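Notes follow the structure.
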Amino acid sequence: MDRTSAYTRLVSGLVFPLHERLKHHESVAVRRELERSQWMSAAELQALQLQRLRQLLTDVGQHVPFYRELFAREGISPSDFTELASLQRLPFLTKALIRAHTEALKHEQARDLARFNTGGSSGEPLIFFIGKQRVSHDVAAKWRATRWWGVDIGDPEMVVWGSPIELGKQDRVKAVRDKLLRTELLPAFEMSEAKLDGFIAAIRRKRPRMLFGYPSALSHIAKHAKSRGQRMDDLGIKVAFVTSERLYDEQRAVISEVFGCPVANGYGGRDAGFIAHECPAGGMHITAEDVIVELVDPQGRPVPVGEAGEIVVTHLATSDFPFIRYRTGDVAVMDDRTCACGRGLPMLKEIQGRTTDFVVAADGTVMHGLALIYILRDLPGVAAFKIVQHSRERCEVLIQAEADADRQTMVPSVIRGFRQRLGAQVEVDVSFVDGIPPERSGKFRYVISHAA
C-alpha cells in the first residue's frame, strides 16, 4: 500500500474531520453535499439557490436589525422573492454601509463571531464578522475544489502566503496541526535572492503534492529557479493553486513550466467568501450552492452575458453577519458555456480585478505589495489609500482619512512603517486627499510600483 495515500486518507477521513468537529464546524457534511449537488442541472441549482435565498431573507428579516428595519421601511417580504431576479429589489451592500452599520448587521442570536479586517479590492479598510456556519461552508467549498485535482487534505502542501492572520498564529497548537496536515507556510512578504533560494530549497526538501499561494509570488519563485538553472519539475507536484490576485497568462505559463504541473485559479475573499474555482477541464466554476453572483454596470444594472461587470455577491450561509448584494469592487465576465467536466455549476469566463504589485526596497529586496498595504490597512482613521512607488528612493502615499482621524500622528506612523520595510533613507511622501479615484479602466489598484 502507498504510504502517502494511506496517510492522506487517514488525515482526510479522520484527523481533519475530528479537527473540524472540535471547532464545531460542519465542513465534512457540507462538503459531501457539495460533491453531490455539483452534478445538478443549472435549473436545479437555481431552484436550490432560490430556496436558500428565501430562507436567508426570512432569517435576517427577523433577527438582523439592519435588514429588519430595511424590510419594514421598503415593504419587502421574503415571500415576494419568486425568482433570483427578485434580488434586484434589494439595495447593494457596500463597504461604507458595513462600516457605518457594523453592529446592526450582526444577527441577534449569533454567538462566537470571528472578527476580520481586510483591505478589499480598493484598499478600503473593512471590519466584519463571520460565524461558524459561514466558515464551514467556505472550508467545504475549498475542500471540494481541492479534490477536483486529485489531491486532498493531508497531502504534503507548501503555502506561499503573506497574510498576518496566518503568519501571526504560529502558536504550538497550529504548529502541531500543520505538521499533522503536512502543510508548511512560507512568508511571501520578502522576495530577496537569499529568501528565494531558501524557498526553492524548502520546496525541494518537502516535495509537496500541491502548492498554494499568490500567483505573483509563485511565478516569482519559478522565475528565480529558472534563472538559477534549478529543476523543480521532478518533485511530483500535482497542482499549483493560486488566488487573491488576477492570474496572468505569463504567470500561469512559467509556474506550470517550472513546477511541471497545471495551475488552478481560485477567486474569493474573506469578506465575499469562496466564490469560484477552476476545474481540470478549465471551467471557472462558481460555488453556486452558497453564492449568488450578479454582474452589474457602474449604474448598478445587470450586464449581458459576455460583458464585463462588477461582481456583486450574495452569500447564502452568512445570516450571522449577512453579505447580501455585496459589491466587491472586482470586475469579471460571465461564461454561458457548459463545462466539459459535466458539472452544472455556472462559470466565470474572465476575472479582471484584484491586481497587486511587488515593491522594491532601496537595497533591491523585492517584497509583495501587501507588506506596505498592511501598514495602512490596520491604521486607525484610514478610509482608503493608494501607494505609488516612483523609484527605490521615493514612495508616494495617498490617504483618504476619516473625519475624526488624527492626521498628525498618522503621518509619522506611515513614514516609520514604510521605512522599516523599504529602507531608512527612502523618501515617503504622505498626502491627504478627498477620494481615491479608480484607474482609467475603472478598476482600483492600491499599489502601483514603477521600481519593480
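The values are calculated or read from the model by the stated rules, or taken from the named source; none is laboratory data. Only a predicted model underlies this, so the values are computations on that prediction, with no experimental measurement involved. Cβ: placed from backbone, ideal geometry, glycine included. Neighbour counts: every protein chain shown. All accessible areas refer to the heavy atoms of the entire protein, side chains included, with ligands and DNA or RNA removed. Shrake-Rupley method; radii C 1.70, N 1.55, O 1.52, S 1.80 Å.
The table below lists the values:
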{"read-out": "Test: residue in the stretch 146-165 that is in a helix (DSSP H, G or I) and of a type in the set (Gly, Ala, Ser)", "value": "no"}
{"read-out": "Matching option when the condition is basic (Lys, Arg), on the phi < 0 side of the Ramachandran plot and open to solvent by 40 Å² or more (accessible area, probe 1.4 Å), among 134, 111", "value": "111"}
{"read-out": "Candidates 317, 340, filtered to the one that is over 21 Å from residue 86 (Cα atoms), aliphatic (A, V, I, L, M), touching a residue at least 40 places away in the same chain (Cβ under 8 Å) and in a loop (DSSP other than H, G, I, E, B)", "value": "340"}
{"read-out": "Members of the stretch 255-264 found to be surrounded by fewer than 21 Cβ atoms within 10 Å (Cβ to Cβ), free of Cβ contacts under 8 Å to residues at least 60 places away in the same chain and not charged (D, E, K, R), listed by number", "value": "256, 260"}
{"read-out": "Filter result for residue 26 (charged (D, E, K, R), out of contact with any Leu (no Cβ under 7 Å at 6 or more places or on another chain), over 24 Å from residue 177 (Cβ atoms) and modelled with pLDDT of 95 or more)", "value": "no"}
{"read-out": "Count of residues meeting criterion [part of a helix (DSSP H, G or I) and either farther than 20 Å from residue 370 by Cβ or without any contact (Cβ under 8 Å) to a residue 12 or more places away in the chain (or both)] in the stretch 203-227", "value": "7"}
{"read-out": "Qualifying residues in the stretch 298-324 (those that are open to solvent by less than 10 Å² (accessible area, probe 1.4 Å) and not hydrophobic (A, V, I, L, M, F, W, C)) - the one nearest to residue 351 (Cα to Cα)", "value": "309"}
{"read-out": "Among residues of the stretch 221-254, those that are open to solvent by 60 Å² or more (accessible area, probe 1.4 Å), within 22 Å of the chain's Cα centre (by Cα) and among the polar types (S, T, N, Q), counted", "value": "0"}
{"read-out": "When residues of the stretch 77-103 are limited to those that are out of contact with any strand residue (DSSP E or B) (no Cβ under 8 Å at 6 or more places or on another chain) and open to solvent by less than 30 Å² (accessible area, probe 1.4 Å), the one nearest to residue 118 (Cα to Cα)", "value": "90"}
{"read-out": "Condition met for residue 293 (of a type in the set (Val, Ile, Thr), more than 17 Å from residue 333 (Cα to Cα), open to solvent by 10 Å² or more (accessible area, probe 1.4 Å) and in contact (Cβ under 8 Å) with a residue 24 or more places away in the chain)", "value": "no"}
